[in-house]
Every structure is written in structure tokens, then in C-alpha cells.
Amino acid sequence: MGEFLVDQGLTLAKLYRSQEPSGWTGLRRASGMDLGICGPKEGWLGKMFGSLLHANDPDCLNLWSRVAEEAFEYSTLTKLDRQRVQMLAYQLFPDTKDTFDGPEFLRRLRAHPPMLEELTEVADWLAGTSGLEARDLPGAPLDWPLRLHGAYDVREILTGVGWLGATRRVPFQAGVLALTEEQVEFLFVTLDKREGFHSGITYHDYAISPERFHWQTQNSAGPETMAGKRYLESRTNGWRFQLFVREAKGPPYVALGGPPRQAR
């Protein structure tokens, strides 16, 4: 696949589209190549691989390559890699009513040998163009499979931190999410709000410097509300905040981290 892209002067995104045939396997089948048995979800996966093209997290990309190996065993994975498997599963099968665990996801993939090969080639190509170092997310628990400046869709983020998972899939479109038990709040920011946003929610969010960001609370977060107190008293109440920013509606969020937990 990589040689084809270079020879033809194409980007990876040119291979993936909303209709079939989509992707490297779909293109080769359309050209008459014999790739063996076509699995029941091959066309679907060919389209959904397009939802992976933003990935730059070296740990995720490494796992995607390993998934295709014949000797790959889910039972040997660390907790973090199991979370990464679930993140990948939700990207490829995003139906909120379709819940399943890691082993079932791998069973689905292994019913499509050409797609396993394609997943490896996609992961290798993205890894070769990423250049992102595997750096911990500042202020985040160590059991989150997210990296500083990693690019993720919102469902990848919420799956990675455990809010979504094998038995829970729900739509999420809010700009904030507070995890009370963990005392962590996620701030999801879209910088360019000219498209897809009501004029009443065009908050003033912008970078002040490479290390400081201006974030405007929601209109409902007054100083006497639970949310308002959470922000105003954050130096002593133990709450932490994680910032995820995207340029406009549509592209993935970039994980920017947050300050460390404050002492009570």
C-alpha cells in the first residue's frame, strides 16, 4: 500500500471514501485481484478504516500492527492495551447498541484476513508520518491510554478513560464531562465555532501562550452552582481538569493535558 501511494502521489485519505469500494483491499478487489474469501463486513471495514486516519499515538499504532499477528493473544495484553483495543473497536463498529468485548472484536476482525493485513499497513504508514513521542498526559492518571498531543475522536477519549466500554456505549455531544468519583473533568474545546454551533454557545476559548489556555465556562456554571464551585475551589478541592482541543467541528481533538492534582 505504501509503495502504491508513493508511486501514484496519493495521500492515504484518497483511498478511503464513504461508499464502496473503499480502502486498499476494496481497491485491489475492484481491480480484479484474488485476495481470497471476502468476509461479511469487509466493505464496512474498508469504509470505517477511514475513521482511523487521524491517529498519531505511537502506542495505539503499535497495537494495531500487533493485532494482525497470528500469535496475537488478547489474554496477554496489559490493561492499557485492552483499553486501546476497545478504543479501536468503537471506531470500527460505532453503533451505540452494538456492545461487545475485546475477544469478540478480535473474532470479528479475524473473519477478514485481508483487512487485518490492511490494518497493519495503515498503522505502519501512520506511524511513519506521525513523529509523535509517547509522552504521558500531564495531570492525568497513569492508567489512561492517552498521550500528550495525541489526536483522538471523542469516543476514543471516553473509551480510553473508562466512561465508555464493552458494556456501555452512549452518544456524547457535550462540551464538558465531570467524572465525580475520579474528580476529573474533561473540557472539550472547538476553536472555530462558525460552523455547527449556536451563537449562544460561542465561548471565548483561545491559547494565551504555549502553556496557558483561556477557557470560558458554560453559561449555566454560575459561582454558586456545583460546577462553578468546582472551578473556583479547584486549588483545594482535589479536582483536576483535562483539556482537549480541536480546530473546528469534524477533526479529532488533541490531548493537551492539565495541571497536576492540587493538595487539599
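Bear in mind these aren't lab numbers, they're just calculated from the coordinates by the rules spelled out. Everything numeric in this text was worked out from a predicted model, so none of it was measured. Neighbour counts run over all protein chains shown; Cβ positions are idealised from the backbone, glycine included.
Ordered by residue, what ³J(HN,Hα) values in Hz, to whole numbers, does region 20-37 give under the Karplus form 6.51 cos²θ - 1.76 cosθ + 1.60, where θ = phi - 60° and Gly and Pro are x?
Values, residue by residue: 7, x, 10, x, 5, 5, x, 5, 5, 5, 5, 8, x, 6, 8, 10, x, 5 Hz.
In terms of modelled amide H atoms, which long-range or inter-chain residues lie less than 5 Å from the amide H of residue 39?
none
Quick one: work out the % antiparallel among DSSP beta bridges in region 173-257, nearest 5.
Numbers: 10 of 18 bridges.
Just about 55 percent of them are antiparallel.
With both bridge residues required to lie in the chain, what share of the DSSP beta bridges run antiparallel, to the nearest 5%? Walk me through the intermediate numbers first.
Numbers: 14 of 22 bridges.
So the antiparallel bridges in the chain amount to around 65 percent.
Find out how many positive minus negative residues lie around residue 150, taking Lys and Arg as positive, Asp and Glu as negative, among other residues whose Cβ is under 12 Å from that of residue 150. Walk me through the numbers on the way to the answer.
Details: positive: 84, 135, 147; negative: 57, 59, 133, 136, 153, 156.
Local charge sum for residue 150: -3.
Angle check, please: helix 79-92 long axis (alpha carbons) against the longest principal axis of the chain (alpha carbons), in degrees 0 to 90, nearest 10.
Around 70 degrees separate the two axes.
What is the helix-to-structure angle for 113-130, meaning the angle in degrees between its Cα long axis and the longest Cα principal axis of the chain, kept from 0 to 90 and rounded to the nearest 10?
50
Can you list residues from other chains, or at least 5 along the same chain, whose modelled amide H is less than 5 Å from the amide H of residue 241?
The answer is 185.
Apply the Karplus curve 6.51 cos²θ - 1.76 cosθ + 1.60, θ = phi - 60°, to the phi angles in region 145-154 and return the couplings in whole Hz, x for Gly and Pro.
Per residue, the Karplus-derived 3J(HN,Hα) values read x, 10, 10, 4, 6, x, 9, 9, 6, 4 Hz.
State which entries of 79/249; 14/79; 14/41; 97/229; 193/229; 79/229 exceed 29 angstrom in Cα-Cα distance in the structure shown. List each step's numbers first, then the result.
Numbers: 79/249 31 Å; 14/79 34 Å; 14/41 21 Å; 97/229 36 Å; 193/229 27 Å; 79/229 34 Å.
Correct reply: 79/249; 14/79; 97/229; 79/229.
Roughly how many whole Å is it from the C-alpha centroid of region 118-194 to that of region 201-227?
Comparing the Cα centres of region 118-194 and region 201-227, I get a distance of 20 Å.
Gaussian network model of the chain, Cα springs within a sub-10 Å range: biggest mean-square fluctuation belongs to which of 141, 113, 40?
40
Long-range amide H contacts for residue 189: which residues qualify at under 5 Å (H placed 1.01 Å from N, peptide plane, sequence gap of 5 or more or a different chain)?
Correct list: 244, 245, 246.
Could you give each residue of region 59-64 its phi-based ³J(HN,Hα) in whole Hz, using Karplus coefficients 6.51, -1.76, 1.60 with θ = phi - 60°, and x for Gly or Pro?
My calculation for region 59-64 gives 5, 5, 5, 4, 5, 4 Hz in order.
Rounding to the nearest 20 debye, state how big the charge dipole of region 90-132 is about its Cα centre with +1 on each Lys and Arg Cβ and -1 on each Asp and Glu Cβ. Before the final figure, lay out the partial values.
Values: 4 positive and 8 negative charges, 26 e Å.
Approximately 120 debye in magnitude.
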